[in-house]
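Please read the structure below before turning to the comments.
Computed from the coordinates by the stated procedures, all read-outs in this text should not be read as laboratory data. The structure displayed is predicted, hence computed values, not measured ones. A quick note on method: Cβ atoms are made from the backbone with ideal geometry, for glycine too, and the neighbour counts reach across all protein chains shown.
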Ligand SMILES: NC(=O)c1ccc[n+]([C@@H]2O[C@H](COP(=O)([O-])OP(=O)(O)OC[C@H]3O[C@@H](n4cnc5c(N)ncnc54)[C@H](O)[C@@H]3O)[C@@H](O)[C@H]2O)c1
């Protein structure tokens with residue numbers, strides 16, 4: 001019997017990087033996985049990888065910054081997979097970085113929409129589905145939001161993203177207080193620098209940055225997407241049955257430096 005057998009998980013941003021690793025880890029742990037992304041080819045590739053490894057997954061094309069798409073994504077998950085026990089909100093896009101006095105309001109607003117408002121929309125509809133489809137069970141569900149270490153101490157020239165992710169942290173804590181008594185646990189994982197394909201591509205153009213990224217962690221290396229996924233699986237499972245409202249840094253010690 002695997003850790004998450006008979007459970008249904010929904011992952012946003014499951015098409016690549018950390019989100020893909022989270023989808024694969026849920027499936028490896030025995031869960032049926034709804035892979036949501038606005039990049040259809042990437043999301044379908046994640047499903048193929050899971051099915052080839054013997055798991056169960058299906059793809060939902062959704063832009064999670066749009067409420068009608070989020071509502072439909074959650075409904076489709078419940079209809080297709082028979083419920084919703086776990087969700088991980090990993091989708092995020094930063095629209096830009098630079099000094100505040102040169103930033104446009106449009107970039108600031110859209111980064112908040114694509115990193116924070118989307119997470120609130122997902123929480124809203126995921127919680128509603130958990131209340132409706134798991135009524136009567138001791139645990140109604142578990143939600144993990146993906147934050148960022150940029151949210152912890154602030155980050156120069158990255159104000160929109162850092163502010164949005166700080167919002168994700170306080171949203172996580174507030175929602176945990178709101179739904180804990182009902183049996184829905186809500187936590188966040190805060191990655192340090194993780195060696196995703198996106199970071200790999202950036203390092204091809206800026207190879208000198210690799211050493212800086214390695215040095216950011218006290219463990220002197222970047223993290224792997226699978227190391228974020230392991231923390232998500234733990235927080236999603238009954239092994240974390242008494243943990244809610246926490247922001248868990250998975251960062252090789254970057255946050256204690
Ligand atoms: N990579 C890192 O070092 C790092 C560090 C800290 C935090 N994070 C956070 O981890 C999460 C995943 O990051 P990543 O590096 O794997 O990113 P990524 O860009 O590699 O993947 C993000 C995925 O989300 C999808 N997506 C983005 N916005 C979406 C939307 N509105 N609707 C649907 N799909 C959407 C993209 O298509 C993509 O498949 C993000 O929340 C990010 O902020 C990453």
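Tabulated values for the structure
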quantity	calculated
Paramagnetic reach from residue 239 in the stretch 85-108 [backbone N under 18 Å; point 7 Å along Cα→Cβ]	86-88
Ascending count of other beta-carbon atoms within 10 Å, so fewest first, for 84, 248, 123	248, 123, 84
Alpha-carbon centroids, the stretch 1-73 and the stretch 186-238: separation in whole Å	20 Å
Order of 56, 163, 12 - criterion: other Cβ atoms within 10 Å of each residue's Cβ, fewest first	56, 163, 12
Calculated FRET value between residue 257 and residue 173, using beta carbons and R₀ = 25 Å, to 0.05	0.60
Förster-model FRET efficiency, 45 Å R0, residue 203 and residue 105, C-beta, rounded to 0.05	0.90
Inter-label distance, nm, simple model (7 Å from Cα along the C-beta direction), residue 156/residue 68	4.5 nm
Scaled radius of gyration (Cα, divided by 2.2 N^0.38 Å) that the stretch 182-257 gives	1.29
FRET efficiency estimate (nearest 0.05) - Cβ-Cβ, residue 135 to residue 41, R0 45 angstrom	0.75
Sorted by Cβ density within 10 Å, fewest first, the residues 142, 110	110, 142
Separation between Cα centres of the stretch 127-160 and the stretch 87-104, rounded to whole Å	18 Å
Virtual spin-label span in nm between residue 80 and residue 56, 7 Å along Cα→Cβ	1.3 nm
